[in-house]
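Below: one structure in structure tokens.
The values are calculated or read from the model by the stated rules, or taken from the named source; none is laboratory data. All values derive from a computational prediction rather than experimental measurement. Don't worry about glycine lacking a Cβ; one is built from the backbone with ideal geometry, like all the others, and counts go over all protein chains shown.
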Amino acid sequence: MNHKNTELWSAIQSETNDLTDLEQIVTDPARDADFIALIESLFATLSAQTSTPVQRESARFNRRMILAELGVMTGASILADVVSGINASPLDAATKAYLVAEIDDEGLDLAHPETQAMLQSFVDSGIMAQASYDGLIALTIDTPQRFPGLKRGHIQNALQLHIGGNI
């Protein structure tokens with residue numbers, strides 16, 4: 001028994017109201033149009049399902065990427081707050097200059113705990129809004145597909161394996 005087929009069958013069951021009709025659609029050649037429609041419907045639904053969001057271990061974002069992801073107005077406003085926060089921090093002048101330059105070059109690793117702590121300190125000191133912080137941190141979150149690489153044939157196989165008593 002293939003674990004992926006079992007998980008896929010469980011998802012199909014949760015998306016299907018009438019399992020008796022489902023088995024008739026799969027086994028009756030006269031219902032091919034219904035079968036194709038079922039596969040298409042399940043494919044559309046299951047392709048859109050996602051897994052639990054996870055934070056990347058590393059997520060470097062530079063100015064260009066932040067502007068592209070958050071929009072020019074929002075991104076520019078947040079970046080201005082970040083630069084203000086860096087300049088207001090107790091860091092030495094060389095480190096401040098390096099961090100500000102890094103925003104345009106390699107970018108800041110927004111997933112790194114020290115970067116997040118620095119940004120949170122900007123929120124705590126009133127330099128940056130919590131929503132701006134949340135927007136930056138959201139860039140570090142991946143929401144993977146529940147069934148990556150899902151094809152219509154995978155759904156068909158899971159249905160046929162179930163009908164055959166294999167899952």
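Residues in segment 18-37: is at least one modelled with pLDDT under 95 and assigned to a loop (DSSP other than H, G, I, E, B)?
In the first step, residues of segment 18-37 are kept if they are modelled with pLDDT under 95; the result is 18-37.
With the extra rule that they be assigned to a loop (DSSP other than H, G, I, E, B), the set shrinks to 18, 28.
So far as segment 18-37 goes, yes, one or more of its residues are modelled with pLDDT under 95 and assigned to a loop (DSSP other than H, G, I, E, B).
Ok, one more. How many residues, within segment 125-167, are in a helix (DSSP H, G or I) and more than 30 Å from N87 (Cβ to Cβ)?
12
Shifting gears a bit: Name the pairs: first residue in segment 1-17 and part of a helix (DSSP H, G or I), second residue modelled with pLDDT under 80 and of a type in the set (S, T, Y), Cβ to Cβ under 7 Å, at least 6 apart or on different chains?
none
At pLDDT 95 or above and of a type outside the set (S, T, N, Q): which single residue out of L42, L46, L110 fits that description?
L110
Of the residues L108, L119, L70, which is without any contact (Cβ under 8 Å) to a residue 60 or more places away in the chain and touching a Gly at 6+ places or on another chain (Cβ under 9 Å)?
L119
Looking only at residues in segment 54-74 that are of a type outside the set (S, T, Y) and closer than 13 Å to P113 by Cα, which one is modelled with the highest pLDDT?
Residues of segment 54-74 that are of a type outside the set (S, T, Y), as a first pass: 54-57, 59-73.
Pick out the ones that are also closer than 13 Å to P113 by Cα and you get 55-57, 59-60.
Numbers: Q55: 86, R56: 88, E57: 89, A59: 93, R60: 96.
Filtering segment 54-74 for residues that are of a type outside the set (S, T, Y) and closer than 13 Å to P113 by Cα, the one modelled with the highest pLDDT comes out as R60.
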